[in-house]
Amino acid sequence: MKREVRSSSSTGRREFRVTEPIIIRGDIVTPQELIPGGHVVVEDGKIAGIGAGESDTSGRVLDFQGRLVAPGFVDIHVHGGGGQDVMDASPEGLDRLSLFLAAGGVTSFLATTYTAPHGRILAAARNVRDTIERGTEGAEVLGVHMEGPYIDPAWCGAQDRRYIRRPQTKELEEVHREAGGNLRIVTLAPEVEGALDAIGWLSARGIVPAAGHTDATYGEAMAGIDAGMRHVSHIFNAMRPLHHREPGVAGAALWDGRVSVELIADGVHLHPATLGLAARLKGPGATALISDAIAPAGLPEGEYEFGGVKVTVRQGRCLLESGSLAGSAIRLCEAVGNMVGLAGFSPEAAVEMASSTPARIAGAADRKGRLAPGMDADITVLDREFSVLLTMVGGRVVYEV
């Protein structure tokens, strides 16, 4: 393979620019169909072509016949993993997290904060801004998902209730500025005082207001939707349960076509039938698979700290001392596999929920989430058990078995 070696002035790292096309062979997952025995051509960090059979382009061939060649996954709700926590505001930590995520097929993500003092959230936002400018070794950071602190204490889950407060547009403005204009999603409780004003402020600036950690009734949820709320974080989890006489946020989200939803498809947070129910009602185009992974994800079983609370990792679960769930330990490739194996979706539909749908929600659909000419060459290759064999970000191989 022809390569030009250069040193990056911004990172000091050696970078390798591929000077010939890469042709990836396999079963290609496109937005419209699955192309068995097809190919994807990668050139200058972009997808240059896609089609059935052999490619006419000459270049380096990566042969994955019989495997799925899919768009890289976009995780819009991830707090950490591999021992790294977004809130640590560490440049090295965010880079290590990007590599941890890439091993699960993720090629871009929203660094997700949690309820904490305002200064800590600002520091995490600044770190995201700096990382976007500098770049990462693995998955690309797209921006910030700010989960809390404007949530309902009744459903705080693993969030630290000491720092829960009412929505303040001044704080939101500061986070957006410190993130370099890359605040993409804010999860809040639409029923709390000041939430509707905050939802309007966010919506007017192209930032997605999302409901989560909420005790909102159906009426309160619909008021939030009418004010501009367009997304629900980890539907069914950390919110008022759906009741046949009081559907709450979950019922409003499933009913209203303006709203997209997140699912934690680890087989623990939601029953397989619940996964299938939500995703079939909303459709793959309005259902985003997320990890909601926290720092201990990927670490050996034991006790850890997350957000100021003790978390125990046991049998693939992250648990609070009360026994309640505290985020997840799943990788997004496993979530895709569960939507196929547990909920009965096709691989193409499951991949859509992990790629093009979250890319659209994150405001990155113009370059992320699809295998199509002109898109970023963000690609993951999966075997038939949905284990990741290779991850490519912007034409760079960042993970391979």
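The values are calculated or read from the model by the stated rules, or taken from the named source; none is laboratory data. Keep in mind that this is a model prediction, so the values were computed, not measured. Note: ideal-geometry Cβ built from the backbone for every residue, glycine included; neighbour counts use all protein chains shown.
Beta carbons closer than 6 Å, at least 6 apart along the sequence or on distinct chains, pair a first residue in the range 215-244 that is assigned by TED's automatic domain parsing to the domain that holds LYS282 with a second that is in a helix (DSSP H, G or I) and hydroxyl-bearing (Ser, Thr, Tyr) for GLY228/SER203. Residues of the range 292-344 that are in a loop (DSSP other than H, G, I, E, B) and among the aliphatic types (A, V, I, L, M): ILE294, ALA295, ALA297, LEU299, LEU320, ALA326, ALA329, ILE330, LEU342, ALA343. Would you say ALA179 is assigned by TED's automatic domain parsing to the domain that holds ALA335 and within 21 Å of the chain's Cα centre (by Cα)? Taking the combined requirement at face value, the residue satisfies it. Taking the listed residues GLY283, GLY337, GLY308, the one that is more than 25 Å from LEU389 (Cβ to Cβ) and in contact (Cβ under 8 Å) with a residue 24 or more places away in the chain is GLY308, with no other qualifying. When the range 294-318 is filtered for residues that are more than 24 Å from ARG120 (Cα to Cα) and among the hydrophobic types (A, V, I, L, M, F, W, C), the ones remaining, listed by number, are LEU299, VAL313. Of the listed requirements (1) under 24 Å from VAL309 (Cβ atoms); (2) more than 21 Å from the chain's Cα centre (by Cα), GLU147 misses just one: (2). Being surrounded by fewer than 14 Cβ atoms within 10 Å (Cβ to Cβ), part of a strand (DSSP E or B) and modelled with pLDDT of 95 or more holds for only one residue in ASP63, ASP75, ASP27, and it is ASP63.
For the range 186-217, the set of residues classified as among the β-branched types (Val, Ile, Thr) and in contact with a Ser or Thr (Cβ under 7 Å, 6 or more places away or on another chain) consists of THR187 only.
Is there a residue in the range 90-106 that is in a strand (DSSP E or B), of a type in the set (S, T, N, Q), buried (at least 18 other Cβ atoms within 10 Å of the Cβ) and modelled with pLDDT of 95 or more? Within the range 90-106 (the criterion being in a strand (DSSP E or B), of a type in the set (S, T, N, Q), buried (at least 18 other Cβ atoms within 10 Å of the Cβ) and modelled with pLDDT of 95 or more), the answer is no, since none of the residues qualifies. Answer yes if at least one residue in the range 214-230 is assigned to a loop (DSSP other than H, G, I, E, B), under 15 Å from ALA335 (Cβ atoms) and not basic (Lys, Arg), and no otherwise. Within the range 214-230, not a single residue is assigned to a loop (DSSP other than H, G, I, E, B), under 15 Å from ALA335 (Cβ atoms) and not basic (Lys, Arg).
Inclusion of ALA116 among residues that are part of a loop (DSSP other than H, G, I, E, B) and touching a residue at least 12 places away in the same chain (Cβ under 8 Å) is warranted. Being surrounded by 16 or more Cβ atoms within 10 Å (Cβ to Cβ) and in contact with a Ser or Thr (Cβ under 6 Å, 6 or more places away or on another chain) is the requirement here; does GLU220 meet it? In short, no.
Considering the range 345-368, the residues that are in contact with an Asp or Glu (Cβ under 8 Å, 6 or more places away or on another chain) and part of a loop (DSSP other than H, G, I, E, B) include one that is surrounded by the most Cβ atoms within 10 Å (Cβ to Cβ), namely LYS368. The residues of the range 261-290 that are outside any loop (DSSP other than H, G, I, E, B) and of a type in the set (Gly, Ala, Ser), listed by number, are ALA273, GLY276, ALA278, ALA279, GLY285, ALA286, ALA288. Annotation note: of THR131, THR187, the sole residue that is of a type in the set (S, T, N, Q), in the same structural domain as ALA227 (by TED's automatic domain parsing), at negative phi and in a helix (DSSP H, G or I) is THR131. With respect to ARG184, determine if the residue is under 30 Å from ASP376 (Cα atoms), buried (at least 17 other Cβ atoms within 10 Å of the Cβ) and basic (Lys, Arg). So ARG184 fits the description; yes.
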